[in-house]
Amino acid sequence: MTLKTGKLNADIIPGQKAAAPRERKKVRDLEVVVANVIPETPDTVTMILFTGNEFLDYRPGHFLTIDPHQFPSLDRFTRYLEDIKGRKESPRAYSLASAPDEKHLSITIKAEEYVSGTTLYPPLLSPLLVRRVLPGSRMVVSGFTGPYTLPEDIASRTRHLVHICAGSGVVPNYSMIKYALRNHPELRHTLVLSNRTWDDVIYKKEWDYLQQSHPDRLRVVHALTREEDATRFGAGVRQGRVSAELLRELLREPGDAEFFICGPGITPHDRKRARDLGQEPAMRFMETVLALLGDMGVDNARIHRETYG
Ligand SMILES: Cc1cc2nc3c(=O)[nH]c(=O)nc-3n(C[C@H](O)[C@H](O)[C@H](O)COP(=O)(O)OP(=O)(O)OC[C@H]3O[C@@H](n4cnc5c(N)ncnc54)[C@H](O)[C@@H]3O)c2cc1C
């Protein structure tokens, strides 16, 4: 695959908080080779990226960005979307699935769909990354940044990390959990992972392996919203959404835990659409989970969050 290189800037992703100056200095472009593409689910792949001998300085939870302008095969779509949206297409953010103590970088990408009557524009970059990028392809990524990371002093704050994620929102938490299991033996983790169906669950084998390797330190509970009988997939699989009952059952002492929540939240597009209709935007995963934790009396300062659009 040929590519165009250009200055990428992770600070121009819509909806992101401005990065702290210390973070901003670290962001730089890297030319990577796609070493492997691993199917995770029917619409999601993990890409292993070779970077040569670069020193990869990132924290678990950081993301990189990929600029769609570098792919000539997207040119006509990018220009058309820029014409109708009236603004330049931004680099897209992808959380690192790898952890800093692993040799290679990896990212996990879910191909967004175009749903007639619902989706305003066809998704630009993710379908290409998932369905068209092959091992051996080169591309430029820019990284690493983002405020949603495992704090360096986490072990002094808590002994229990509670991860509540939906869909591909589990990617940064996967990096945090792997890293913390290896490097913070004093910490235990509960992961509550929401998906529509069992087939949508990313890293199934890896969750099994990690739980078997650390039975006292990792508990994974799946909440499946669109299965007829979710419990047939195993003891850790529940039917329905993440609910107050489920959180109360899993978290006996929520006040002592530190929470890491990642998944879909209300986007600026949702807000605008609701405003145009004179309505309030409907709560999504993030708003629902925050409300549940608020009802349980969890201190907001103990909640780390990242919203995927
Ligand atoms: C911090 C962060 C980390 C992320 N990490 C991951 C990850 O690990 N894995 C992953 O798969 N994804 C991740 N994402 C999401 C990713 O960045 C992309 O948003 C996603 O891949 C979709 O990109 P796309 O180009 O395919 O779709 P887009 O072209 O961005 O379209 C996505 C949706 O937005 C709508 N839309 C786009 N522009 C407008 C507009 N102007 N007005 C109204 N609606 C509009 C489209 O209609 C479509 O429904 C992350 C996002 C963030 C912010």
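Within 16 Å of the ligand (Cβ to nearest atom), touching a strand residue (DSSP E or B) at 6+ places or on another chain (Cβ under 7 Å) and in a strand (DSSP E or B): is that true of S168 in this structure? In short, no.
Would you point out which residue out of V130, V141 is within 29 Å of H269 (Cα to Cα) and assigned to a helix (DSSP H, G or I)? One residue alone meets the criteria, V130. Only one entry of F71, F63, F50 meets the criterion of being of a type outside the set (D, E), within 15 Å of the ligand (Cβ to nearest atom) and more than 20 Å from the chain's Cα centre (by Cα), and that entry is F71.
Mind listing whichever residues of region 77-120 are closer than 14 Å to G309 by Cα and in contact with a helix residue (DSSP H, G or I) (Cβ under 6 Å, 6 or more places away or on another chain)? Passing the criteria: S90, S95, I109, K110, A111, E112.
Is there any pair linking a residue in region 94-113 that is part of a loop (DSSP other than H, G, I, E, B) to one that is among the hydroxyl-bearing types (S, T, Y) and within 8 Å of the ligand (Cβ to nearest atom), with Cβ under 7 Å and at least six apart or on different chains, and which? Partner pairs satisfying both residue conditions: A97/T108; A111/S126; E112/S126. Does region 267-279 contain at least one residue that is part of a loop (DSSP other than H, G, I, E, B) and within 11 Å of the ligand (Cβ to nearest atom)? Yes, some residue in region 267-279 is part of a loop (DSSP other than H, G, I, E, B) and within 11 Å of the ligand (Cβ to nearest atom).
The residues of region 182-233 that are hydroxyl-bearing (S, T, Y), in contact with a strand residue (DSSP E or B) (Cβ under 9 Å, 6 or more places away or on another chain) and in contact (Cβ under 8 Å) with a residue 12 or more places away in the chain, listed by number, are T190, S194, T197, Y203, T225.
Read-outs throughout are calculated quantities, based only on the coordinates presented, and are distinct from any laboratory measurement. Given the structure is predicted, the values throughout are model-derived calculations rather than measurements. FYI the Cβ positions are ideal-geometry reconstructions off the backbone, even for glycines, and counts take in every protein chain you see.
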